[in-house]
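Student: If you scroll down you'll find the structure; I have some questions about it.
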């Protein structure tokens, strides 16, 4: 779901519009604390060959329910405990 900060900056309607557009941007996982500034390079260090894209996951969670995909994502070792619970919610 889009970050609430969009709503604070651009008004409350933007969050729903952003959600309905299914253009969810990109997500990163912070592995090490540090600073990133404008102009810094961000690189993909490793890509999971059997991974699930954020776009696939977003559609499966909010628009076209896909219990098998949601379960697969929840069981992936890179999925956080918080997300795991949200992905499995309502599947059983």
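The values are calculated or read from the model by the stated rules, or taken from the named source; none is laboratory data. All values reported here derive from a predicted model rather than from experimental measurement. Quick reminder, even Gly has a Cβ in these numbers, built from the backbone with ideal geometry, and neighbours come from all protein chains shown.
Student: What number of residues within segment 26-52 are surrounded by 10 or more Cβ atoms within 10 Å (Cβ to Cβ) and either touching a helix residue (DSSP H, G or I) at 6+ places or on another chain (Cβ under 8 Å) or assigned by TED's automatic domain parsing to the domain that holds residue 84 (or both)? Reasoning before the result, please.
Tutor: Here is the first cut: in segment 26-52, the ones surrounded by 10 or more Cβ atoms within 10 Å (Cβ to Cβ) are 36, 51-52.
With the extra rule that they be either touching a helix residue (DSSP H, G or I) at 6+ places or on another chain (Cβ under 8 Å) or assigned by TED's automatic domain parsing to the domain that holds residue 84 (or both), the set shrinks to 51-52.
Selection size over segment 26-52: 2.
Student: Can you name every residue in segment 57-80 that is at pLDDT 90 or above and assigned to a helix (DSSP H, G or I)?
Tutor: Answer for segment 57-80, where residues must be at pLDDT 90 or above and assigned to a helix (DSSP H, G or I): 67, 68, 69, 70, 71, 72, 73, 74, 75.
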